[in-house]
1. Between Asp26 and Glu348, what is the label-point separation in nm under the 7 Å Cα-to-beta-carbon projection?
2. Evaluate the relative contact order of the chain (contact order divided by residue number), counting alpha-carbon pairs under 8 angstrom at least 6 apart; express in whole percent.
3. For the chain, what is the charge dipole size about the Cα centre, in debye to the nearest 20, if Lys and Arg each add +1 at the Cβ and Asp and Glu each add -1 at the Cβ?
4. Can you order the peptides 87-99, 124-136 by their average number of other Cβ atoms within 10 Å per residue, highest first?
5. Going by average Cβ density within 10 Å per residue, which order do the peptides 181-191, 55-65, 236-246 take, highest to lowest?
6. Which of Asn194, Asn312, Asn294 moves the most in a Gaussian network model of the chain with Cα springs under 10 Å?
7. What full-extension length gain, to one decimal in nm, is calculated for Glu328 and Asn160 as 0.36 nm per residue of separation minus the Cα-Cα distance?
8. Between Arg84 and Tyr40, how high is the FRET efficiency from 1/(1 + (r/R0)^6) when r is the Cβ-Cβ distance and R₀ = 22 Å? Nearest 0.05.
Amino acid sequence: MTQKILVLPGDGIGKEIVAEAIKVIDVLSADFGLDVELEYADIGGAAYDASGHPYPEDTKKKAATADAILLGAVGGYQYEDLPRELRPERGLLAIREDLDLFSNLRPAILNETLADASSLRPEVVAGLDIMIVRELTGGIYFGQPRAIETNESGERFAYNTMVYKESEIERIAHSAFKIAMQRGKRLCSVDKANVLEVSELWREVVIRVSAEYPEVELSHMYVDNAAMQLVKEPKQFDVIVTGNLFGDILSDAAAMLTGSIGMLPSASLNASGMGMYEPIHGSAPDIEGQNIANPLATIMSVSMMLRYSLDNAALAQKIDDAVNKVLEQGYRTADIYVDGMKQVTTTEMGDAVVAALKA
Ligand code: NAD
């Protein structure tokens with residue numbers, strides 16, 4: 001059955017990098033039997049320019065019937081003075097909320113040939129392949145009550161609430177166990193159960209869910225230790241599952257182990273496996289229109305889409321292999337260029353991946 005991909009190029013370099021990812025999808029359709037239909041819509045600043053809202057009705061309607069969404073990036077200097085609810089980033093938050101995309105997948109992958117880009121020693125990170133599964137729609141960022149108030153003696157105080165329902169923990173745990181099943185079958189749940197009740201419940205529920213995945217080896221780690229282990233010995237991890245706040249911090253730390261923002265894809269999934277796929281970087285207005293942005297994070301977002309929403313791990317692997325091949329052949333966009341390699345433009349990098357796929 002034909003699956004529908006909604007393409008949201010967005011702003012800045014979004015259009016340039018998405019165009020390269022589309023070349024890859026076109027080759028998979030023409031030569032490798034991928035059966036998809038592409039539909040396009042606006043989001044972010046582009047949507048505001050076209051219709052006065054960063055997440056317009058037309059986009060919402062198309063998103064509701066898509067099997068997966070490919071997003072470039074949103075944002076731009078020209079939108080910074082808009083009221084908060086009309087800014088491009090609101091479009092992203094709105095679509096995540098609208099589709100209940102609670103499971104955020106952030107891989108930290110470091111191709112052997114790029115190990116020098118990391119701030120850690122190459123032998124610590126070469127070949128790194130971790131998947132962080134972060135709960136995205138609950139926890140302390142959304143918990144009520146929250147406020148800044150003034151007490152009787154006139155001193156201001158502020159509070160937030162870290163809260164998780166069992167059902168929220170269950171669904172993110174299922175999401176993480178399923179991903180572990182498709183990878184190395186090891187899952188580390190990160191919490192602060194020695195101090196926080198919310199983590200105590202988190203751990204209890206994750207252990208309960210683990211009974212349904214007997215092949216996955218489950219371990220637990222306190223978040224402070226996890227932060228330490230990520231920089232000390234990152235290759236010990238396969239899949240990490242954690243709450244919104246801890247995941248926010250750990251996924252950025254893990255991403256930076258790889259040293260290259262233009263290389264990292266991400267996914268946000270809902271309970272039915274529908275997902276939005278995007279590079280972790282933003283719209284990079286500083287390099288917009290120069291044909292120098294690295295399209296590989298977006299191309300690898302297509303690989304994640306095939307693996308996690310379109311149930312086509314074989315074609316996902318084809319993309320991953322093609323990306324590895326172009327890197328081994330020495331092709332580098334400016335952001336990952338080192339002496340002795342072949343510097344290429346955005347479009348040339350896309351063409352190189354297409355050639356590797358066809359080879
Ligand atoms: P950014 O990720 O856009 O850029 C940070 C730096 O990395 C810049 O120097 C940029 O040139 C470089 N860079 C980013 N992607 C690259 C790529 N593919 N190839 C080569 N170099 C790349 O972050 P920023 O500058 O803080 O934000 C710019 C805009 O993007 C802002 O409006 C921000 O709100 C938005 N933003 C959007 C998202 C998203 O759409 N998911 C995420 C982060 C930031």
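1. 2.0
2. Details: 757 pairs, mean separation 75.4, N = 359.
For the chain, the relative contact order is 21 percent.
3. Working: 32 positive and 54 negative charges, 110 e Å.
Here the size comes out at about 540 debye.
4. On the way: 87-99: 19.7, 124-136: 22.0.
My ranking of the peptides, most packed first, is 124-136, 87-99.
5. Details: 181-191: 19.5, 55-65: 16.1, 236-246: 23.5.
Peptide ranking by packing, descending: 236-246, 181-191, 55-65.
6. Asn194
7. Details: separation 168, 0.36 × 168 = 60.48 nm, distance 4.78 nm.
Separation in residues times 0.36 nm, less the Cα-Cα distance, equals 55.7 nm.
8. Values: r = 27 Å, r/R0 = 1.22.
With a Förster radius of 22 Å, E is 0.25.
The values are calculated or read from the model by the stated rules, or taken from the named source; none is laboratory data. It should be emphasised that the depicted structure is a prediction, and the values quoted were computed from it without experimental measurement. So basically every Cβ, Gly included, is an ideal-geometry build from the backbone, and we count neighbours across all protein chains shown. Each accessible area value is taken on the protein alone, full model and side chains, heavy atoms only, with ligands, DNA and RNA left out. Shrake-Rupley method; radii C 1.70, N 1.55, O 1.52, S 1.80 Å.
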